[in-house]
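Here it is: the structure, laid out below.
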Amino acid sequence: MIRVNDSTFNERVLAWFDRHGRKDLPWQQDKSPYRVWISETMLQQTQVATVIPYFNAFVDRFPSVEALANASIDEVLRHWSGLGYYARARNLHKAALIIAGQGSFPDTLEELQQLPGIGLSTAGAIMSIAYGRSHPILDGNVRRVLARYRAVPGWPGEAKVNRRLWELSRALTPEQRAADYTQAIMDLGATVCTRSRPSCGACPVNADCLAFGTGRVNDFPAPKPAKALPVKQRTFLLLTDRHRQVFLEKRPPAGIWGGLWCLPEFENPDQALGWCLDRHIPVVGRYAMDRRRHTFSHFHLDFTPLVILTDGITGGVGETGSPIWHPLEAIARLGLPAPINLLLKQYQNHEDKHGKTD
């Protein structure tokens, strides 16, 4: 029978961290509540290697909560473009406005949780890492470590499983070295107790890990119940003119790609063409590009870019007063969804190489 020794769990994790933990991540340098908040938000559902360059660019442009609050949401989204889950960026900006108005960064769990986008785990991480106060966390990496350590059955997205994991996290979080322990258990999940092919031999708590001891590491945590993702078919209108301008619309502030600049979206090519004709936009050339797929968490988006070349259009076409014609060479300054940004760069490269389509 395997005996679980909770009394030394955090000691073993901390000893492992002292020898093997990551201590040179950019948000671990010049540590502050603001930098910890930005990093923890970026790290939600995103790997460290992906986050590092985004974090460096973000805090270079927005070095303080005041700088973030004073920036436009367009600029914030531009620095987030490609990182995905854009509600995180919108919530960062909203929270920065609140914090700047208050005059100081919140330093209690309750105050932090009142800010947009900050849940219990993120608030606990800020309290532990930035302020050195003992608070449990439960991000994806910690869920995996605890689910395997105690062989907790079920998918962590279920309320009762989530409650059980929170109970474990609270019980195992030490009062001392709170900042190190929080980083340590996240590191353990990210580098040793990985989702696939975990390095159980290198784990400091493998002696009493129930999943490892029973040869069932791959059974925990249980995966999300399989569900076929629906597929949405769309046509994106790439409307351009002879001045190398492209027509873009700003998405509503909420929802998929909220607040980002995007190509007009239609059910099919006929709708896109009809939209142009209804607005008396002269069509002097058109062709469809290859269909592409972008997968969101809850559906696949299959979209076909329809390139339409017009002539002599220099003013606004849509119902919005925002700038809507943008030079292809200037799209890098915009907040664009990653697949649209890639599409426009590929189109620009094609135009540079082959010239315009007549």
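Just so you know, all these numbers are worked out from the coordinates, no wet-lab data involved. If you're wondering where the values come from, they're calculated on a predicted model, not measured in any experiment. As a convention, Cβ positions derive from the backbone with ideal geometry for all residues, glycine included, and neighbour counts pool all protein chains shown.
Sequence gap of 8 or more, or different chains, plus Cα separation below 23 Å: how many lysine pairs satisfy both in the chain?
Pairs that pass both the separation and distance tests number 10.
Tally the DSSP beta bridges in the chain and give the antiparallel ones as a percent, rounded to 5.
Close to 60 percent.
In nm, what is the difference between 0.36 nm times the number of residues separating Ile256 and Ala15 and their Cα-Cα distance? Before the final figure, lay out each step's value.
Working: separation 241, 0.36 × 241 = 86.76 nm, distance 4.31 nm.
Computed gain between Ile256 and Ala15 is 82.4 nm.
Sticking with this structure for a sec: What FRET efficiency comes out for Ala57 versus Lys160 if R0 is 56 angstrom and r is the Cβ-Cβ distance? Round to the nearest 0.05. It would help to have the intermediate numbers written out before the result.
Values: r = 41 Å, r/R0 = 0.73.
Efficiency, from the Cβ-Cβ distance: 0.85.
What full-extension length gain, to one decimal in nm, is calculated for Gln28 and Glu167 as 0.36 nm per residue of separation minus the Cα-Cα distance? Don't skip to the answer; put the middle values down first.
Values: separation 139, 0.36 × 139 = 50.04 nm, distance 2.75 nm.
So the chain would gain 47.3 nm between Gln28 and Glu167.
In the neighborhood of Gly119, defined by Cβ-to-Cβ distances under 11 Å, what is the net charge if each Lys or Arg adds +1 and each Asp or Glu adds -1?
My count for the surroundings of Gly119 gives -2.
Rg/Rh for the chain: what does it come to with C-alpha atoms and Rh from Kirkwood? Each step should come with its number before you reach the end.
Numbers: Rg = 24.4 Å, Rh = 23.1 Å.
The Rg/Rh ratio comes out at 1.06.
Let me ask another. What Kirkwood Rh does segment 170-223 have if only Cα atoms enter the pairwise 1/r average? Answer in Å.
Details: mean 1/r = 0.0819 Å⁻¹.
Hydrodynamic radius (Kirkwood, Cα pairs) of segment 170-223 is 12.2 Å.
Same structure again: Restricting everything to alpha-carbon atoms, can you work out Rg to Rh for segment 196-317 with a Kirkwood hydrodynamic radius? Could the numbers behind the result be given before it?
On the way: Rg = 23.9 Å, Rh = 18.4 Å.
Taking Rh as the inverse mean 1/r over Cα pairs, Rg/Rh reads 1.30.
For a distance above 18 Å, tell me the whole-number percent of Cα pairs in segment 130-220 that qualify. Please list the in-between numbers first.
Working: 1691 of 4095 pairs.
Counting pairs separated by more than 18 Å, the tail of P(r) holds 41 percent.
Could you list the chymotrypsin sites (Phe, Trp or Tyr not before Pro) in segment 25-131 that lie in coil according to DSSP, counting only those with at most 16 other Cβ atoms within 10 Å of their Cβ?
Listed in order of number, the matching sites are Tyr85.
Could you please state, rounded to a whole Å, how far the C-alpha centre of segment 32-51 is from the C-alpha centre of segment 116-162?
Using only Cα atoms, the two centres lie 15 Å from each other.
Given R₀ = 25 Å, what would the calculated FRET efficiency be for Ala207 paired with Thr46, taking r from the Cβ atoms and rounding to 0.05?
Working: r = 32 Å, r/R0 = 1.28.
Plugging the Cβ-Cβ distance into 1/(1 + (r/R0)^6) gives 0.20.
Normalised radius of gyration for segment 49-138, please: alpha carbon Rg relative to 2.2 N^0.38 Å, two decimal places. Numbers along the way, then the final one.
Numbers: Rg = 13.2 Å, N = 90, 2.2 N^0.38 = 12.2 Å.
It is 1.09.
Among the trypsin sites (Lys or Arg not before Pro) within segment 24-98, which fall in a DSSP loop and have no more than 14 other Cβ atoms within 10 Å of their own Cβ?
Details: sites: Lys31, Arg35, Arg61, Arg78, Arg88, Arg90, Lys94; in loops: Lys31.
Of the trypsin sites (Lys or Arg not before Pro), the ones in loops of segment 24-98 whose Cβ has at most 14 other Cβ atoms within 10 Å are Lys31.
What nm value, rounded to one decimal, do you get for the distance between Asp352 and Arg291 when each label is placed 7 Å out toward the C-beta?
It works out to 3.0 nm between the two label points.
Here is a further query. In whole Å and largest first, what semi-axes does the C-alpha gyration tensor of segment 6-219 yield when each eigenvalue is scaled by 5 and square-rooted? Display every interim value, and only then the final one.
On the way: eigenvalues 195, 58, 54 Å².
Its equivalent ellipsoid spans semi-axes of 31, 17, 16 Å.
Right, here's the next one. With the dipole of segment 6-219 worked out from charges on the C-beta (+1 for Lys and Arg, -1 for Asp and Glu) around the Cα centre, which of Leu68, Trp16, Cys203 lies farthest toward the positive end?
Farthest towards the positive pole: Cys203.
Once you have the Cα-Cα distance between Glu175 and Leu277, take 0.36 nm times their residue separation minus that, and quote the gain in nm to one decimal. Each step should come with its number before you reach the end.
Values: separation 102, 0.36 × 102 = 36.72 nm, distance 6.77 nm.
This chain segment gains 29.9 nm when fully extended.
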